[in-house]
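**Student:** Following this message is one structure expressed as structure tokens.
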Amino acid sequence: MSRDPIGAFVGFVTRHNRIVLVVMLLLTAGVVSGIGQLQLESDVEGDSDAFGDTTVAQKADYVAEHYGEDDDASSTVTSAVYVRDEGGNVLSKDALLAALRYQQSVLDDPTAADALAGADGVRGVPNLVARRAAGDPDADLAAQVDALASLNESEVRALVSETLTADSEALDLLPSDYEPGTATAESMRMEFAFEATGDDATGGTPADVQRVLYETANERDDPDFFTTGQHARQPFVQQSNQDTIWLILPPALLLILAVLAFAYRDVVDVVVGFVGVLVSVLWMFGILGWLRIPAGMTLIVGPVLITGLSIDYGLHVFMRYREERGPDEGIREPMRRSTTSVAVAFLLVTVTAAVGFLANLANPLNIVRDLGVGITLGVVSAFVVFVTLVPALKISVDGLLERIGLDRRKAPLGEGAVLRPFLRSGVVLARKAAPAVVLVTVLLAAAGAVTYADVDRQAYQTSTEVAEWKEDLPGPMAWEATDTEYYRNSQYVQQHYRSGDDRRGITQVLVQGDVTDPATFQHLQDGIAAAEESRAVFEQGGVVPVRSPISVIRSVAATDEEFAAVVRETDEDGDTVPDRDLERVYDALFETAPDRAATVIERTDGEYRSVRMLVPVKQGLDVDVRGEEMRAVAAAVEGDGPLTATAVGPATIQNAELGQLADGIVKTMVLALGVILVVLTIIYRVTEGSALLGALTVVPIALVLGFVLGGMYLTDTPITFVTALLISLAVGLGIDYNIHVSDRFAQELDGGKAPVDALSTAVVGTGGALLGSALTSGGAFATLLLHPSPQLRGFGMLVVLALSLSFLVSVFVLPSLLVLWAQYAYDGPVEAESEGSDTAAVGS
């Protein structure tokens with residue numbers, strides 16, 4: 001690429017550094033003001049349709065269409081309040097009355113009372129028992145309190161036992177170890193249904209109502225009342241953020257400062273470099289704000305990646321300046337030469353990285369498309385800042401310091417007695433065995449890519465376990481979030497209760513085919529047996545409450561003699577499960593209890609086309625465990641018969657989405673590599689006269705991707721929704737290192753050096769900056785491996801792999817590719833014949 005226009009621009013920057021500083025200060029103030037208009041969340045409307053072509057999603061749509069949804073459920077939201085008395089009994093008269101009075105206190109607040117979804121907006125064991133005591137199923141709250149207060153303890157126990165029988169629908173309000181028919185329980189759940197308005201229809205309970213529930217619960221402690229909504233969660237979130245800062249930030253800063261101190265050996269350069277880092281990140285968010293592009297995931301990923309890229313840019317600016325400045329030179333001219341030189345590489349990195357990130361525009365998710373745009377803006381911002389603000393600031397600061405007598409000449413990083421031989425070793429390998437190096441590397445990368453099919457896939461990693469040593473760290477570094485009241489309460493709820501939201505607490509098994517076949521119920525019984533053995537299924541009093549045509553038939557037959565007679569006539573083995581004439585049984589069931597029948601049997605145009613099982617699942621398990629277990633239940637239903645069974649629930653849907661997303665990421669990476677290949681091929685053909693040189697610059701990126709996948713396999717880093725997205729960002733990370741080496745190589749060739757000499761100079765000259773960048777960014781990301789969150793650990797591992805492998809490939813593999821290019825395409829000797837050349841030094 002011609003350096004004349006860039007040289008002219010950089011010359012202006014270095015000659016008029018004060019003007020540039022003023023302009024950049026004003027420009028930064030204007031850009032940063034856009035942060036105030038930043039939209040924090042991406043528009044996810046329609047994202048749920050992005051994966052609509054998965055089989056599980058299609059079956060979910062089928063269930064919604066043919067089994068219907070509760071219209072009231074879509075217009076109301078439910079919040080749970082838990083009552084717990086450790087070592088006591090929440091089903092005692094006093095505890096039940098305390099719960100009713102809690103409800104009264106909540107509804108005394110006009111906000112909660114106005115939002116309550118009708119007279120039946122509160123559901124709880126106290127209400128069921130009190131209404132039975134009042135003899136009126138429609139008794140209001142005051143009448144319930146009066147009726148329950150008028151009974152003695154033994155009368156209350158009797159009512160509780162009569163209410164909470166084995167077939168009571170209120171059992172889901174009690175912990176899993178509650179024995180139906182008894183009058184003793186350690187805890188219970190009450191559910192408040194509120195009218196949803198606006199965004200609350202798709203979100204949670206309105207915040208002001210949650211506040212009422214939370215504050216009213218905090219006023220009571222005998223028994224203990226608690227919620228798990230946003231107000232209860234807030235102290236936990238604050239403590240988690242504080243723990244993260246103290247656990248991650250100190251070691252990350254120490255690592256960054258230690259590496260930068262090693263690389264720069266100069267405090268002033270560290271400060272100037274960090275100014276460029278900060279301004280680049282602020283520009284990214286400011287431009288996003290002005291363009292009204294939602295930040296979304298860019299809030300998390302953006303600062304991390306742009307900080308790493310900016311540190312890299314800074315190292316290249318300063319190290320090349322140190323190379324260029326002679327013993328008798330001033331500051332401006334060597335800064336002009338060095339910045340002009342690296343600016344071309346920066347521009348190439350910006351263009352190609354932007355192509356890689358913008359390839360995410362092909363992703364079906366809005367949040368991913370926004371991420372691609374956001375990171376691209378960050379890359380462009382870093383380019384502008386490090387060819388204008390940073391050189392101008394460096395000139396101003398160094399000029400001031402030298403005027404007061406401080407010498408600002410420093411040696412570049414790669415010229416040390418240890419680093420120089422280390423960096424040159426890649427050139428030595430290239431001279432002696434370039435074909436072997438390339439062949440072995442390609443084979444290893446291909447082996448890594450092959451492991452992609454075997455890398456564990458986990459939609460979400462939800463482990464909350466924290467290593468004991470992290471909790472025992474001294475002072476504020478100790479992880480204390482697990483000692484918060486919210487954490488203890490939420491763990492208790494997950495261990496003892498099924499989710500109150502059936503959309504999350506129930507997995508449906510849709511069975512299609514000839515469901516009137518006599519063997520249908522045997523298949524269902526096989527599925528029920530598999531569910532009873534599953535580790536993911538919620539048990540209530542030792543029983544798995546699976547709802548299916550079988551359970552509905554038994555329940556209706558127990559209360560309707562005419563229907564029971566039909567069941568007996570079609571039951572050949574006396575197990576109360578029909579064995580023949582299923583169409584007749586279905587007809588009779590729809591005639592007797594049509595609403596209940598329609599919940600488990602589909603009848604369309606007089607034909608029976610499907611049935612379904614509703615399986616309760618535990619809370620707190622990994623999504624992938626639940627998905628695997630529910631697919632096993634569906635497989636048991638299918639067996640070897642003609643029926644098809646599909647598990648439909650949040651876990652199986654997310655698993656299917658992850659599979660499609662992973663496939664989409666592969667397509668995105670291929671697209672990004674293809675476009676980058678075309679761009680670099682054209683640029684190098686025009687500027688250096690060799691399209692092949694541009695193509696070879698892209699090859700290491702593909703190798704890095706293969707190595708990253710292999711590294712994920714070897715380190716047991718799963719593909720999650722987060723890591724699947726970040727794999728594509730490895731393209732943007734990897735291109736940076738390779739372009740710096742190949743561009744410097746091309747510069748040295750233009751300067752008249754033989755290819756191997758040019759390669760030696762390029763690798764040593766840029767390798768130090770690349771090493772410093774890899775150690776700084778990689779070390780910072782490595783500290784994420786300390787975090788208890790498996791999502792963040794996976795994120796950290798992925799970036800560490802991408803950075804370290806990109807560095808190794810650029811220094812030890814790319815030289816062999818360039819030597820092979822020189823042997824094939826260079827018009828002249830590959831090595832200089834002079835004994836004093838760099839080639840001789842490399843071989844020594």
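The values are calculated or read from the model by the stated rules, or taken from the named source; none is laboratory data. Everything quoted here is computed from the prediction, not taken from an experiment. All Cβ positions, even for glycine, are placed from backbone atoms using ideal geometry, and neighbour counts span all protein chains on display. Side chains included, ligands, DNA and RNA excluded: accessible areas come from the protein's heavy atoms. Shrake-Rupley method; radii C 1.70, N 1.55, O 1.52, S 1.80 Å.
**Student:** Considering only residues that are in contact with a Ser or Thr (Cβ under 7 Å, 6 or more places away or on another chain) and over 22 Å from Arg233 (Cα atoms), look in segment 80-104 and name the one that is surrounded by the most Cβ atoms within 10 Å (Cβ to Cβ).
**Tutor:** Here the residue is Leu91.
**Student:** Exactly one of these conditions fails for Gly330: (1) buried (at least 24 other Cβ atoms within 10 Å of the Cβ); (2) assigned to a loop (DSSP other than H, G, I, E, B); (3) small (Gly, Ala, Ser). Give me its number.
**Tutor:** (1)
**Student:** Does segment 552-565 include one or more residues that are within 21 Å of Glu539 (Cα to Cα), in contact (Cβ under 8 Å) with a residue 40 or more places away in the chain and touching a strand residue (DSSP E or B) at 6+ places or on another chain (Cβ under 9 Å)?
**Tutor:** Yes, because at least one residue in segment 552-565 is within 21 Å of Glu539 (Cα to Cα), in contact (Cβ under 8 Å) with a residue 40 or more places away in the chain and touching a strand residue (DSSP E or B) at 6+ places or on another chain (Cβ under 9 Å).
**Student:** When you check Ile528 against the structure, is it under 13 Å from Pro616 (Cα atoms), modelled with pLDDT of 90 or more and either outside any helix (DSSP H, G or I) or among the hydrophobic types (A, V, I, L, M, F, W, C) (or both), yes or no? Spell out the reasoning first.
**Tutor:** Values: under 13 Å from Pro616 (Cα atoms): yes; modelled with pLDDT of 90 or more: yes; either outside any helix (DSSP H, G or I) or among the hydrophobic types (A, V, I, L, M, F, W, C) (or both): yes.
Answer is yes for this residue.
**Student:** Is it the case that Arg189 is touching a helix residue (DSSP H, G or I) at 6+ places or on another chain (Cβ under 6 Å), closer than 19 Å to Ala99 by Cα and of a type in the set (Lys, Arg)?
**Tutor:** Criteria met by Arg189.
**Student:** Ok, one more. For residues in segment 531-542 being open to solvent by 30 Å² or more (accessible area, probe 1.4 Å) and outside any loop (DSSP other than H, G, I, E, B), which is farthest from Glu179 (Cα to Cα)?
**Tutor:** Glu533
**Student:** Looking at Val819, Val800, Val764 in this structure, which one is of a type in the set (Val, Ile, Thr) and free of Cβ contacts under 8 Å to residues at least 24 places away in the same chain?
**Tutor:** Val800
**Student:** If you don't mind, another one. Within the set of pairs 6 or more residues apart or between chains, which connect a residue that is modelled with pLDDT of 90 or more inside segment 214-227 to a residue that is among the acidic types (Asp, Glu) and open to solvent by 40 Å² or more (accessible area, probe 1.4 Å) with Cβ atoms less than 6 Å apart?
**Tutor:** Within 6 Å, the pairs are Pro223/Asp85.
**Student:** Give segment 743-761 a look and list any residue that's of a type outside the set (A, V, I, L, M, F, W, C) and either at negative phi or in contact with a Leu (Cβ under 9 Å, 6 or more places away or on another chain) (or both), or say none.
**Tutor:** Once the filter is applied, which keeps residues that are of a type outside the set (A, V, I, L, M, F, W, C) and either at negative phi or in contact with a Leu (Cβ under 9 Å, 6 or more places away or on another chain) (or both), segment 743-761 yields Asp743, Arg744, Gln747, Glu748, Asp750, Gly751, Lys753, Pro755, Asp757, Ser760, Thr761.
**Student:** Could you list all residues from segment 543-575 that are under 23 Å from Pro180 (Cα atoms) and open to solvent by 60 Å² or more (accessible area, probe 1.4 Å)?
**Tutor:** Passing the criteria: Val543, Pro545, Arg547, Arg554, Ala558, Thr559.
**Student:** Let me ask something else. Which pairs have Cβ atoms under 6 Å, sit 6 or more apart or on different chains, and link a residue in segment 580-606 that is surrounded by fewer than 18 Cβ atoms within 10 Å (Cβ to Cβ) to one that is modelled with pLDDT of 95 or more and outside any helix (DSSP H, G or I)?
**Tutor:** Partner pairs satisfying both residue conditions: none exist.
**Student:** What's the total number of residues in segment 282-303 that are assigned to a helix (DSSP H, G or I), of a type outside the set (Val, Ile, Thr) and either open to solvent by less than 20 Å² (accessible area, probe 1.4 Å) or touching a strand residue (DSSP E or B) at 6+ places or on another chain (Cβ under 7 Å) (or both)?
**Tutor:** So the answer is 6.
**Student:** Which residues, taken from segment 365-388, are touching a residue at least 24 places away in the same chain (Cβ under 8 Å), in a helix (DSSP H, G or I) and open to solvent by less than 20 Å² (accessible area, probe 1.4 Å)?
**Tutor:** Residues satisfying the conditions are Val368, Leu371, Gly374, Ile375, Gly378, Val379, Ser381, Ala382, Val385, Phe386, Val387.
**Student:** Could you grab me the full set of residues in segment 624-653 that are assigned to a helix (DSSP H, G or I) and open to solvent by less than 10 Å² (accessible area, probe 1.4 Å)?
**Tutor:** Gly627, Met630, Val633, Ala634, Val637, Ala651, Thr652
**Student:** Tell me the residue from Val275, Val344, Val279 that is within 17 Å of Val380 (Cα to Cα), β-branched (Val, Ile, Thr), surrounded by fewer than 20 Cβ atoms within 10 Å (Cβ to Cβ) and out of contact with any Gly (no Cβ under 8 Å at 6 or more places or on another chain), please.
**Tutor:** Exactly one residue qualifies, and that residue is Val275.
**Student:** For segment 789-799, check the following and say yes or no: at least one residue is part of a helix (DSSP H, G or I), under 21 Å from Ala672 (Cα atoms), modelled with pLDDT of 80 or more and open to solvent by less than 10 Å² (accessible area, probe 1.4 Å).
**Tutor:** Checked segment 789-799: at least one residue is part of a helix (DSSP H, G or I), under 21 Å from Ala672 (Cα atoms), modelled with pLDDT of 80 or more and open to solvent by less than 10 Å² (accessible area, probe 1.4 Å).
**Student:** Restricting attention to segment 17-42, which residues are of a type outside the set (S, T, N, Q), at pLDDT 90 or above and loosely packed, with under 14 Cβ neighbours inside 10 Å?
**Tutor:** Answer for segment 17-42, where residues must be of a type outside the set (S, T, N, Q), at pLDDT 90 or above and loosely packed, with under 14 Cβ neighbours inside 10 Å: Arg18, Ile19, Val22, Leu25, Leu26, Ala29, Gly30.
**Student:** When only residues in segment 50-73 that are within 25 Å of Glu628 (Cα to Cα) and charged (D, E, K, R) count, which is modelled with the lowest pLDDT?
**Tutor:** Asp53
**Student:** Return the pair list, or none, for Cβ contacts closer than 6 Å from residues in segment 703-723 that are buried (at least 24 other Cβ atoms within 10 Å of the Cβ) to residues that are among the acidic types (Asp, Glu) and modelled with pLDDT under 80, at least 6 apart or on different chains.
**Tutor:** none
**Student:** Scanning for something in a helix (DSSP H, G or I) and of a type in the set (Asp, Glu), does segment 409-417 turn up at least one residue?
**Tutor:** Within segment 409-417, one or more residues are in a helix (DSSP H, G or I) and of a type in the set (Asp, Glu).
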